[in-house]
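*Asks:* This is the structure I want to talk about, given as C-alpha cells.
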Amino acid sequence: MSAYGSQEMSANLTRVLMRRPGASLKSADPSKWHYGPTFDGEKALRQYDVFASLVEKSGAEILWMEDRGDGLADAMFTHDPSLMTDHGAVLLNMGKPLRVPETALHEAAYKKAGIPILGRITAPGTVEGGDCIWLDAETLVVGRGVRTNEEGITQLAEILLPHDITVLSYDLPLWQGKRPACT
C-alpha cells in the first residue's frame, strides 16, 4: 500500500494533510473573507480542535501545516488547494483570489512528505478541490462554476489522462451570484 494517495472519497483515512487554524483565522476580517455576521473566531478554533481530535481517534496520521500568522484564514480547508491521486498530488489554482497562496503550502508539505507532484493548474485555469468528486478510481467529476473554470478542467484532464483517469465536468448552479464566492 502506498504512503499517499486515494481516488475514492468514502474509505477510511490513513494519512491526511491538515492545518489547525490559529492567528490567521482569529485576526481575519469577516467581511473580507465572507464569514458572515455571526462569525466567531474563537468558537471556530474550538470546533476545529474537536474535529482534529476525531480524526486522530480514527487512527489517521495527520501531516500538520502550522498557521504561523500568514493571514491565510481559509487554509484550514485543506481539501481545496490540491487534489490527491494514487499517483501523487495535483496542485490546483484557486478561484478565490485570497486563497491562491495556499497552494504553495501544499507543495511544501508534499515535498517534505515525499509525495510526488503530478502537475499544477496554471492561470487562466482555476480548479478548487471542493468542486471535485471521485466517482470511482477511474473517474473524477468536476463542477464548473465560479471557482473552477473550463481551462482549469481541461488542464486537469490532461494531467490525469496518462493515468487512465477520465474527467467529467458539469455546470454548477450559482446560489447567491458570483461576488461573495469569488473574492
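*Asks:* Which of the helices (runs of 4 or more DSSP H) contained wholly in the range 22-75 include at least 1 residues that are surrounded by 12 or more Cβ atoms within 10 Å (Cβ to Cβ), modelled with pLDDT of 95 or more and touching a strand residue (DSSP E or B) at 6+ places or on another chain (Cβ under 9 Å)?
*Replies:* 41-57
*Asks:* Among GLY88, GLY130, which is surrounded by 13 or more Cβ atoms within 10 Å (Cβ to Cβ), small (Gly, Ala, Ser) and free of Cβ contacts under 8 Å to residues at least 60 places away in the same chain? Spell out the reasoning first.
*Replies:* On the way: GLY88 fails: free of Cβ contacts under 8 Å to residues at least 60 places away in the same chain.
Testing whether each residue is surrounded by 13 or more Cβ atoms within 10 Å (Cβ to Cβ), small (Gly, Ala, Ser) and free of Cβ contacts under 8 Å to residues at least 60 places away in the same chain leaves just GLY130.
*Asks:* Residues being among the basic types (Lys, Arg) and under 25 Å from ALA28 (Cβ atoms): count how many of those fall in the range 96-121. Before the answer, list the steps.
*Replies:* The first filter runs over the range 96-121 and keeps only residues among the basic types (Lys, Arg), leaving 96, 99, 111-112, 120.
Within this subset, residues satisfying the condition of being under 25 Å from ALA28 (Cβ atoms) are 96, 99.
Result for the range 96-121: 2.
*Asks:* Also, I was wondering about something else. Counting only residues that are in a loop (DSSP other than H, G, I, E, B) and of a type in the set (Gly, Ala, Ser), which one in the range 99-131 is farthest from TRP33 (Cα to Cα)? Give the steps one after another, and end with the answer.
*Replies:* At the first step, the residues of the range 99-131 found to be in a loop (DSSP other than H, G, I, E, B) are 100-101, 114-116, 121-128.
Imposing the further condition that a residue be of a type in the set (Gly, Ala, Ser) reduces the set to 114, 123, 125.
Numbers: GLY114: 32, ALA123: 22, GLY125: 22 Å.
Looking at the filtered set, the residue picked out is GLY114.
*Asks:* Within the range 1-47, track down each residue that is in contact (Cβ under 8 Å) with a residue 12 or more places away in the chain and of a type in the set (Gly, Ala, Ser).
*Replies:* SER2, ALA3, GLY5, SER6, GLY22, ALA23, SER24, SER27, ALA28, GLY41, ALA44
*Asks:* Considering only residues that are more than 10 Å from the chain's Cα centre (by Cα) and not in a loop (DSSP other than H, G, I, E, B), look in the range 81-98 and name the one that is farthest from TRP64 (Cα to Cα).
*Replies:* Within the range 81-98, the match that is farthest from TRP64 (Cα to Cα) is PRO97.
*Asks:* Filter the range 59-95 down to the residues that are acidic (Asp, Glu) and farther than 22 Å from LYS26 by Cα and list them by number.
*Replies:* So in the range 59-95, the residues acidic (Asp, Glu) come out as 61, 66-67, 70, 74, 80, 86.
The answer is GLU61, ASP86.
*Asks:* Filter the range 146-176 down to residues that are among the hydrophobic types (A, V, I, L, M, F, W, C), under 27 Å from ALA11 (Cβ atoms) and either surrounded by 12 or more Cβ atoms within 10 Å (Cβ to Cβ) or modelled with pLDDT under 95 (or both), then give me how many there are.
*Replies:* Total meeting the criteria: 9.
*Asks:* So for the range 134-145 (the condition being assigned to a helix (DSSP H, G or I) and at pLDDT 95 or above), does at least one residue qualify?
*Replies:* For the range 134-145, residues assigned to a helix (DSSP H, G or I) and at pLDDT 95 or above: absent.
The values are calculated or read from the model by the stated rules, or taken from the named source; none is laboratory data. The structure displayed is predicted, hence computed values, not measured ones. Backbone-built Cβ (ideal geometry, glycine too); neighbour counts: all protein chains shown.
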